[in-house]
Each structure stands twice: as structure tokens, then as C-alpha cells.
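Below you'll find the structure, written out as C-alpha cells, and then a few comments.
Every read-out reported here was derived from the displayed coordinates using simple, explicitly stated rules and does not represent laboratory data. Since the model is a prediction, treat every value here as computed from it, not as a measurement. All Cβ positions, even for glycine, are placed from backbone atoms using ideal geometry, and neighbour counts span all protein chains on display.
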């Protein structure tokens with residue numbers, strides 16, 4: 001499984017997460033956990049609904065989410081931010 005950052009994800013990661021070292025560390029930890037065990041309950045991974053049903057999301061912290069899409073051997077990270085920012 002290879003993770004690819006979409007342009008919007010990379011931009012929002014730089015703006016919303018990287019300026020906060022402890023949050024960026026948590027991001028890296030959760031991505032590593034996701035790679036090792038995508039069904040780990042700590043991630044609270046779930047299918048999205050409505051117009052964004054083709055995407056899934058998992059939690060970095062209580063309010064920070066990563067929106068992603070699975071396609072064959074790739075995982076595309078689409079967006080990152082608070083619940084209100086990404087939905």
C-alpha cells in the first residue's frame with residue numbers, strides 16, 4: 001500500500017498541522033499506525049456519507065481528521081484538518 005498526498009492535502013498539512021510540533025508528531029504516529037493496521041480502533045476509521053461517500057476518514061486527534069480514498073494499491077490522502085474544516 002502506497003500513500004500519495006493530493007495537492008490540497010499537502011497544502012493543508014503545511015498550513016494546519018506542521019506549525020504545531022506536537023500535532024505534527026501525532027500525525028506521523030497515526031499515519032504509521034494506519035499503514036501497519038488500518039483497522040485499528042484507535043483510528044476510528046469510517047466511510048463517509050452523502051456527496052463524499054467515495055471517501056473514508058480516520059482520526060489523528062479527537063478533532064483532526066484525514067480524509068482519504070482507496071484505489072487499487074494506492075491510498076490517496078485528500079485533506080486534513082478539524083472536523084469542520086474537512087467536512
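Given that compact globular proteins tend to follow 2.2 N^0.38 Å, what is the ratio of the alpha-carbon Rg of the chain to that value?
Normalised Cα radius of gyration, the chain: 1.00.
Kindly provide log₁₀ I(q)/I(0) values, in the same order as q = 0.15, 0.20 Å⁻¹, from the Debye equation applied to equal alpha-carbon scatterers of the range 19-67.
Once normalised to I(0) and log-transformed, intensities are -0.40, -0.67.
Provide the packing ranking of 1-12, 72-83, i.e. peptides ordered by the mean count of other C-beta atoms within 10 Å per residue, highest first. Walk me through the numbers before you get to the answer.
Working: 1-12: 13.7, 72-83: 16.3.
Peptide ranking by packing, descending: 72-83, 1-12.
Nearest-5 percent of antiparallel DSSP beta bridges in the chain? The partial results should precede the final answer.
Working: 14 of 18 bridges.
Within the chain, antiparallel bridges account for around 80 percent of the total.
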